[in-house]
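Q: Would you mind keeping the following structure in view while I ask a few things?
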């Protein structure tokens, strides 16, 4: 308890000193982070390989590239993001200065997840630094190599008091959450999301919760199935299915179910070769617990493709389940693994109804040649974000807010949205002490004439 | 769960999609306007009865400011509802990337008693504009106003989508057991915590408009007469029961000596020699609140006012001096017509004093020297800030209204209300063609493929020297 109190206390004292506020300082810290990613690329990639068996170009592309891009964006745009925004005034305030001032919140807590362990702490960290805050980073202990590396590297490049890394598991995180923060950004599952929000409530701390859910993927009969399946295969099986915005399950007409399986099968061969297990580009399940969990979801299911596993290496082959019943276990929880259930529906109406009966997902996907159908699916459903005719990609557009809704989360970040999430928008109205005559109208004794002005 | 049926009825209406078309939202908003017009007289009478609210104040805060919000929303709704197109990377030039504003679903608005119409109606405007269904829970403390809201409001709005729930703490607690898609709460920090904790059980996002002690710093260089009038107006409006009222004053002893006579004159100008007889000075809302505020009169020494009348729940416009930071009046938000003056030596001491306390909802600084006002602004943190006046930053619909830290989270007013009650959904529409363009991202991974990704997806820094 004391240790956490000290850590947060030090961050708060450092914040109160005011040194994280000047833009020059923030840019300098961001530049240092950029140097860190460039200079320590080998170490970072090694950690990601050790934790998740991610191959070099894959890890670079999915984690480091995004971080570097975010850094460049923040450094470039910070002066314009942080500048006071003047607002339109009315008759009474014509002579005054009215604007919105973007100010840091104070001490921000970033809790990372294990599936993209580097980018999921770095991207929020970048936004929090850009907004002028002090930051405590709690990387996931499950991806322990990355956690250890982040704990080693950040103090080498950043201001040690303003930006701290705390490592540990559930007990340490619970302790940390008793401290008072000015914003908490948590990436993880809904169950823990509730715990984080309840802890935050004690201090009236605003939260951004990046959670998850079952991201549906509707395939219309009218679409280029080969292309659709290739894109879906890419998004589903990257990182061995352990992606919060992976297409979780497919909804399609029974008449194309078979073709979907065929196309995915062909694509898998293209991507990973004849023997998936020996492909350097196919990942592994993070640990035994999740391996067993996913295995359990296969019980009683019709396996159209895959199903091979190897417990020793936490390997689960790319798997497709067909004619899945909506009530089965695999349709109850977020799969977070390389298992793709197909649930058949006979129309887009049925698909929309199916989706709307369930919790709002983090992502939603629809494949169709019909623009009208796509428009309809977007209009009649809700999700954190969505992509039509592809998967994952909306998360890559720098100016789109990335976040959930309902059970999949609250708040958003990425790019400018990170800056806004970690800032307080303070309304400022600066008047003159003269021109008192104008004010007479509002003072008592009240006159109804003023009302009718 | 006594409210389960109501909530599920609203949720069914929500799922039917009827609140989404712009025409529907506009019609409901216009109806709110009619409510304000038709019931204006009753609202004035009810708030006069509940709070002794002077008709002038009631018309200003409960009708006029609400109509401003309404007009701002009606004028701009179609623009706000439009998809916001965003910049794309080189690789996505053929795609459409935009932010879609979507309603959350069923919203709960809990309002307090001090501006009993305004504080539910302004958020309600935002929630309707954003396409949600809404349950309004007006305060049971302002009883007559609560009755108008419960009896009259539903007949103006679509009963399938909008409802009013009445009751006190037990009812509100039961109400909060239900799942809402957004909760908007205005009230005190302790109850804010309870609301957020209840919301956490359902992962419901919240906006909390809370309060605190709003400091008012008066520098030695200023026009004392004007300062006194502006501060007195802000402090004594609604008999001090305003979340952004200047709660306490910080100044030097020299300034205090000048301020007291100036404040005395301002009070006299506004309310006459006996404010109790002025139709323009309000009353405390309840016996409980009256006793709470009355107790605070024991801090320091009464320099002006101090008279009370329990039967009328009247507390005179009062200024206290010789107030110590440890006095009871400096421990809680006053929410009454008492202005304590805490003497400090200089601006630095004032800033330190402010910064050693919870961040307030509003912060005021008075000085004819721009630099002083800017210093206070830059070296402190608060929900909002007004230099050289009080309350006025609230009247601009283009400024966001919200707290920070203990004074709240989230914001609203104008477009900020619409945005608060909307989910901002990141959307990307791609074509099925141009599949070869996607080739670099697919396995088998290679450095060469990776080079292509980097070239097409990156954001370059301007002035980056490519020779290095």
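Q: Any number yet on Rg/Rh for chain B, C-alpha, Kirkwood?
A: On the way: Rg = 25.8 Å, Rh = 24.5 Å.
Using only Cα positions, Rg/Rh for chain B is 1.06.
Q: Further question: How do the peptides A:320-329, A:44-53 rank, highest first, by the average count of neighbouring beta carbon atoms within 10 Å per residue? Walk me through the numbers before you get to the answer.
A: Details: A:320-329: 16.6, A:44-53: 21.7.
Peptide ranking by packing, descending: A:44-53, A:320-329.
Q: Using a 10 Å cut-off around each Cβ, can you sort A:270, A:210 from fewest to most neighbouring Cβ atoms?
A: With the fewest neighbours first, A:270, A:210 line up as A:270, A:210.
Q: Give, as ranges by residue number, the residues of the range A:25-69 whose backbone N falls under 12 Å from the point 7 Å along Cα→Cβ of residue A:295.
A: Answer for this model: none.
Q: In the range B:108-150, whose amide N lies under 15 Å from the spot 7 Å out along Cα-to-Cβ of residue B:171? List them in ranges.
A: Residues passing the 15 Å test: B:109-113, B:135-150.
Q: Compute the angle between helix B:65-81 and the longest alpha-carbon principal axis of chain B, please, reported from 0 to 90 degrees and rounded to the nearest 10.
A: Between the helix axis and the principal axis of chain B, the angle is about 10 degrees.
Q: Order of B:181, A:281 from fewest to most other C-beta atoms within 10 Å? Could you put the intermediate results ahead of the total?
A: On the way: B:181 24, A:281 21.
Starting with the residue having the fewest Cβ neighbours, the order is A:281, B:181.
Q: Now a separate question. Stretch residue A:349-residue A:77 to full length: gain in nm at 0.36 nm per residue minus the Cα-Cα span?
A: Numbers: separation 272, 0.36 × 272 = 97.92 nm, distance 4.30 nm.
Here the segment from residue A:349 to residue A:77 would lengthen by 93.6 nm.
Q: Still on this structure: Given a Förster radius of 25 Å and the C-beta distance between residue B:356 and residue B:378 as r, what FRET efficiency does 1/(1 + (r/R0)^6) yield to the nearest 0.05? If you can, show how the numbers build up before the last one.
A: Details: r = 17 Å, r/R0 = 0.69.
Given R0 = 25 Å and the Cβ-Cβ separation, E is 0.90.
Q: Give me B:207, B:173 ranked fewest to most by other Cβ atoms within 10 Å of their Cβ, as a rough exposure proxy. Write down the numbers at each step before the final one.
A: Values: B:207 24, B:173 12.
By the 10 Å Cβ count, ascending: B:173, B:207.
Q: Starting from the 7 Å offset along Cα-to-Cβ, what nm value, one decimal, do you get for the label separation of residue A:226 and residue B:291?
A: Reported label-point gap for residue A:226 and residue B:291 is 8.3 nm.
Q: Tilt of helix B:287-296 relative to the longest C-alpha principal axis of chain B, in degrees (0 to 90, nearest 10)?
A: For helix B:287-296, the angle is close to 70 degrees.
Q: To continue, here is another question. From other protein chains only, count the Cβ atoms within 10 Å of every residue's Cβ in A:390-396, then give the mean. Mind showing how you got there, number by number?
A: Numbers: counts 7, 1, 2, 8, 8, 2, 7.
Per-residue shielding by partner chains comes out at 5.
Q: Okay, next question. When averaged across all projection directions, what area in nm² does the alpha-carbon convex hull of the range B:215-403 cover?
A: Values: hull surface 40.1 nm².
The number I arrive at for the range B:215-403 is 10.0 nm².
Q: Residue by residue through A:52-64, how many Cβ atoms from other chains fall within 10 Å of the Cβ on average? Before the final figure, lay out the partial values.
A: On the way: counts 0, 0, 1, 4, 4, 11, 5, 1, 5, 8, 1, 0, 0.
Per residue, the number of nearby Cβ atoms from other chains is 3 on average.
Q: Now for a separate question. Would you calculate a helix-derived [θ] at 222 nm for chain B, using -39,500 (n - 2.57) for each DSSP H run of n ≥ 4 and dividing by the full residue count, to the nearest 500?
A: Calculated from helices alone, the mean residue ellipticity at 222 nm is -12500 deg cm²/dmol.
Q: Still on this structure, please answer the following. Taking beta carbons within 10 Å but only from partner chains, what does the mean come to for residues A:70-81? Mind showing how you got there, number by number?
A: Working: counts 1, 2, 6, 2, 1, 2, 6, 1, 0, 0, 0, 0.
Rounded to a whole number, the mean comes out at 2.
Q: Please tell me the relative contact order of the range B:215-403 in percent, rounded to the nearest whole number, where contacts are Cα pairs under 8 Å and at least six residues apart. Mind dumping the intermediate values first?
A: Details: 355 pairs, mean separation 52.9, N = 189.
28 percent.
Q: Mind jotting down the three principal axis lengths of the protein assembly as shown based on Cα atoms? Whole angstrom, largest first.
A: Here the spans come out as 95, 60, 46 Å, largest first.
Q: Find the relative contact order for the range A:216-396 and round it to a whole percent, using C-alpha pairs within less than 8 Å whose residues are 6+ positions apart.
A: Working: 316 pairs, mean separation 53.8, N = 181.
It comes to 30 percent, rounded to a whole number.
Q: Given a Förster distance of 51 Å, report the FRET efficiency between residue B:277 and residue A:202 from their Cβ-Cβ distance, rounded to the nearest 0.05. Mind showing how you got there, number by number?
A: Details: r = 47 Å, r/R0 = 0.92.
Computed FRET efficiency for residue B:277 and residue A:202: 0.60.
Q: Residue A:288 versus residue B:332, label points 7 Å from Cα toward the beta carbon: distance in nm?
A: Distance between the two pseudo-spin positions: 5.7 nm.
Q: Go ahead and estimate [θ] at 222 nm for chain A from helices alone: -39,500 (n - 2.57) per DSSP H run with n ≥ 4, summed, over the residue count, rounded to 500. Let's see the in-between values first.
A: Details: 17 runs with 188 residues, N = 453.
So the helix-based figure for chain A works out to -12500 deg cm²/dmol.
Q: In nm, what is the difference between 0.36 nm times the number of residues separating residue A:356 and residue A:302 and their Cα-Cα distance?
A: Values: separation 54, 0.36 × 54 = 19.44 nm, distance 2.54 nm.
Taking 0.36 nm per residue and subtracting the Cα distance, the gain is 16.9 nm.
Q: Which value in nm describes the separation of the simple spin-label points at residue B:269 and residue B:452, placed 7 Å from the Cα toward the beta carbon?
A: Going from the residue B:269 label point to the residue B:452 one covers 7.5 nm.
Q: Separate question: Arrange the peptides A:55-64, B:265-274 so that the one whose residues have, on average, the most other Cβ atoms within 10 Å appears first. Can you show the working numbers first?
A: Working: A:55-64: 22.3, B:265-274: 17.5.
Ranked by mean Cβ neighbours within 10 Å, highest first: A:55-64, B:265-274.
Q: If you don't mind, there's one more thing I want to ask. Nearest 10 degrees, 0 to 90: what angle lies between the long axis of helix A:254-272 and the longest principal axis of chain A (Cα atoms)?
A: The answer is roughly 80 degrees.
Every number here is computed from the coordinates shown, using simple stated rules; none is lab data. Please read these numbers as outputs of a predicted model, since none were measured by experiment. Glycine gets a Cβ as well: all are built from the backbone with ideal geometry, and neighbour counts include every protein chain shown.
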